[in-house]
Structures are given as C-alpha cells and as structure tokens.
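Participant: Take a look at the following structure, please.
The values are calculated or read from the model by the stated rules, or taken from the named source; none is laboratory data. Owing to the predicted nature of the structure, the values given are computational and were not obtained by experimental measurement. For neighbour counting, all protein chains shown are included, and Cβ atoms are generated from backbone atoms with ideal geometry for every residue, glycine included.
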Amino acid sequence: MGVEKDQAYSRSLKRYGDRIIAQAKLALDDDVGEENITTQAVIRDKSRTEDAVIIAKAKGILCDLQEAEAILKEGKQEFESGKMEGDVIKKGDIIAKVRGDIGELLKRERTTLNYLQILSGITTATHELAS
C-alpha cells in the first residue's frame with residue numbers, strides 16, 4: 001500500500017448519526033433475527049460480563065468504526081477506541097476494546113466485524129487503486 005501518512009481520509013458522520021444507528025439495527029436484525037441460538041447453546045451464565053479486543057488482521061484503512069460502535073453501544077456494550085475513521089492500520093493493531101454482557105457481546109460481534117472487515121477492505125482497495 002503506498003500510504004505514508006497515518007490517516008488516509010477523514011469524514012464526519014455526526015449529521016447521519018440516527019441513520020447509522022437505524023441501519024446498524026437493521027443489519028443486526030438481518031444477521032441475528034429473533035434469537036441468537038449459538039450464544040444460547042454455548043453460554044450458561046448469561047449475566048457474565050466479559051472483555052473483548054478487536055484486532056486488525058491485516059494492514060489497511062479503517063472504515064465504518066462509527067457503525068461498529070453503534071451496533072455495540074445499542075446493546076449497552078462499553079466501546080473504547082484510540083482509532084479514527086480513515087486511519088491507516090497495521091496487522092495486530094488494536095482497533096477497539098469492548099466490555100459488556102457476554103450474551104449481547106456475542107450476539108453483536110459478527111455484525112460488528114462484518115461492517116469493519118468488508119467496508120475497511122473496500123476502502124483499502126479503493127485507496128490503492130486511486131493512488
């Protein structure tokens with residue numbers, strides 16, 4: 001990737017906040033539906049609180065961090081990230097730390113990761129083609 005700076009682009013989504021949350025809820029509903037049968041089958045103590053870390057699997061450009069945060073926070077998960085939309089990331093970088101109810105965390109993790117992986121991948125490929 002020919003990017004030399006720490007941030008490939010910057011965007012503010014504040015004016016779209018309500019739409020982002022609504023779209024994130026739709027994506028979660030499509031992904032999980034009425035119940036998360038995997039979590040129900042695996043987790044016995046559904047009141048347990050756990051920590052999770054989202055780690056970059058490859059170098060690229062971070063995209064849709066706000067959407068991922070919205071999916072998790074809507075489920076009352078704590079979300080902390082030192083990254084910003086458009087940051088250039090390296091394999092192994094910590095993108096975010098999450099803490100919350102294990103059942104809600106597992107219910108929301110696949111949709112969250114889908115947003116980050118797919119859209120960061122598209123952003124990275126587009127940036128490479130434009131460079």
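Participant: For the subset of segment 73-87 comprising residues that are at pLDDT 90 or above, in contact with a Leu (Cβ under 8 Å, 6 or more places away or on another chain) and not charged (D, E, K, R), which member is surrounded by the fewest Cβ atoms within 10 Å (Cβ to Cβ)?
Facilitator: Met84
Participant: Select from segment 82-131 the residues that are among the hydroxyl-bearing types (Ser, Thr, Tyr) and either free of Cβ contacts under 8 Å to residues at least 24 places away in the same chain or within 22 Å of Val42 (Cβ to Cβ) (or both) and list them in ascending order.
Facilitator: Within segment 82-131, Thr111, Thr112, Thr126 qualify.
Participant: Let me ask another. If you scan segment 76-115, which residues turn out to be of a type in the set (Asp, Glu), under 28 Å from Ile37 (Cα atoms) and outside any strand (DSSP E or B)?
Facilitator: Passing the criteria: Glu104, Glu109.
Participant: Checking the condition touching a helix residue (DSSP H, G or I) at 6+ places or on another chain (Cβ under 7 Å) and exposed (fewer than 14 other Cβ atoms within 10 Å of the Cβ), which residue from Arg15, Arg48, Arg19, Arg44 passes?
Facilitator: The unique qualifying residue is Arg48.
Participant: When Gln66 is evaluated against the numbered criteria (1) more than 16 Å from Leu119 (Cα to Cα); (2) assigned to a helix (DSSP H, G or I); (3) not charged (D, E, K, R), which criterion, by number, is the only one it fails?
Facilitator: If we test Gln66 against (1) more than 16 Å from Leu119 (Cα to Cα); (2) assigned to a helix (DSSP H, G or I); (3) not charged (D, E, K, R), just (1) comes out false.
Participant: Identify, please: which residue in segment 100-131 is surrounded by 19 or more Cβ atoms within 10 Å (Cβ to Cβ) and polar (S, T, N, Q) and is, among those, nearest to the chain's Cα centre (by Cα)?
Facilitator: Out of the qualifying residues, it is Thr112.
Participant: Assess whether Leu28 counts as being over 30 Å from Ala130 (Cα atoms), surrounded by 12 or more Cβ atoms within 10 Å (Cβ to Cβ) and modelled with pLDDT of 90 or more.
Facilitator: No.
Participant: Considering only residues that are out of contact with any Asp or Glu (no Cβ under 9 Å at 6 or more places or on another chain) and of a type in the set (S, T, N, Q), which ones fall in segment 40-55?
Facilitator: Hit for segment 40-55 is Gln40, nothing else.
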